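Just below is one structure, and these are the notes that go with it.
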Amino acid sequence: LRWMAAQQAEALHGEAVLRVVYSGKKASRGTLVRVPIASGAAVVPANAVRAALIDRGVDMARFEAQWYNKSLQGYALLDQSDAIDLACAPSDVVDVTLCERPRYSAAQHERMLAQVVNAAGLDPAEEPVHKVTSQATGFFGIGIYRGRREQSHAVLWRTAYQLGASFMYTVGARHLPICESADCATAFRSVPAWRFDTWDDFLKAAPFSAPLVAIEMGGQPLDTFVHPKCCIYILGSEEFGIPASVLEACHYVVSIPVVRAHSFNIATAGAIVMYDRTAKERLTKEHEQHETGVEQGCQPKPAAVV
């Protein structure tokens with residue numbers, strides 16, 4: 001058995017090198033991704049490529065991979081081929097471009113939820129998809145990318161607790177874990193906080209069906225933004241903001257309108273975004289309750305006569 005294991009390990013010591021870049025970016029800014037293949041193999045299986053990209057944090061449900069095929073003198077869609085033919089690659093490094101797939105329609109979303117229900121072993125007759133979705137209350141998390149100040153983390157954590165966040169996180173934090181003196185209003189009892197060393201580590205642990213919402217200058221104004229029912233908000237450091245590579249992976253980029261200075265304190269920016277979310281949720285709920293009352297013929301009580 002040891003000899004067989006050694007032979008298998010020796011047979012798989014080869015690798016293919018991909019240069020991966022998001023659509024619209026220069027190839028020189030691409031990331032090198034190594035895909036293990038059998039020694040001397042002439043092709044790279046599509047499943048192995050997708051697995052390697054997912055391992056690097058690529059959302060394959062949102063992006064589709066295309067590889068440059070010199071025989072076609074253009075890019076070929078990986079989803080429509082079983083493998084990358086290394087003989088058709090222009091060099092030892094295979095250029096792969098990630099293009100965003102068309103937006104999901106409502107029907108596609110329902111089909112996706114139906115697949116989730118089936119995978120969970122639920123009976124569609126007893127738990128129809130519309131019932132599952134209507135019972136969902138949604139959730140959101142908020143975090144800081146490369147934060148430097150421990151106190152900003154603590155204040156944001158406390159605000160997240162007060163405004164209904166489900167969790168908080170940091171990515172590549174440049175400060176020590178929160179100390180005992182930090183004023184978190186015991187938020188840790190209700191809102192867990194996760195620490196991730198790298199962006200890839202965070203993407204691997206990100207919850208299913210929660211779009212990433214970056215809070216950064218130059219995005220859609222917050223006052224016109226419709227918050228997803230489930231999402232994760234990302235705040236950048238006050239010195240450097242959110243890097244372009246992280247913004248490319250986000251589904252939305254939202255900015256906070258200002259009158260003077262453009263940059264907010266991290267905790268302040270997070271508080272504004274979370275309050276905007278809760279305020280819009282409250283207004284929507286009140287509007288739905290009002291419409292329900294009108295449909296049922298409910299009339300407001302007459303004012304008391306003094």
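The values are calculated or read from the model by the stated rules, or taken from the named source; none is laboratory data. As the structure is a computational prediction, the values presented were derived from the model and not from experiment. All Cβ positions, glycine included, derive from the backbone under ideal geometry; neighbour counts span all protein chains shown. With ligands, DNA and RNA removed, areas are computed over all heavy atoms of the protein, side chains included. Shrake-Rupley method; radii C 1.70, N 1.55, O 1.52, S 1.80 Å.
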Scan of segment 137-163 for residues that are over 20 Å from the mean Cα position of the chain (by Cα) and of a type in the set (Lys, Arg), ordered by number:
Arg148, Arg149, Arg158
Which condition from (1) within 28 Å of Ser23 (Cβ to Cβ); (2) among the aliphatic types (A, V, I, L, M); (3) modelled with pLDDT under 90 is the one that Val259 breaks?
(1)
Any residue in segment 237-249 that is small (Gly, Ala, Ser), in contact with a Lys or Arg (Cβ under 8 Å, 6 or more places away or on another chain) and at pLDDT below 90?
yes
Scan segment 38-57 for residues that are part of a loop (DSSP other than H, G, I, E, B) and without any contact (Cβ under 8 Å) to a residue 60 or more places away in the chain and jot them down.
Ala38, Ser39, Gly40, Ala41, Ala42
From Gly270, Gly241, grab the single residue that is open to solvent by less than 20 Å² (accessible area, probe 1.4 Å) and either closer than 26 Å to Lys25 by Cα or hydroxyl-bearing (Ser, Thr, Tyr) (or both).
Gly241
Please verify whether Ala279 is buried (at least 20 other Cβ atoms within 10 Å of the Cβ), free of Cβ contacts under 8 Å to residues at least 60 places away in the same chain and over 19 Å from the mean Cα position of the chain (by Cα), treating the condition exactly as stated.
no
Give segment 19-37 a look and list any residue that's at pLDDT 80 or above and either part of a helix (DSSP H, G or I) or touching a His at 6+ places or on another chain (Cβ under 9 Å) (or both), or say none.
Pro36
Which residue out of Ala16, Ala61 is within 14 Å of Ala89 (Cβ to Cβ), open to solvent by less than 60 Å² (accessible area, probe 1.4 Å) and not in a helix (DSSP H, G or I)?
Ala16
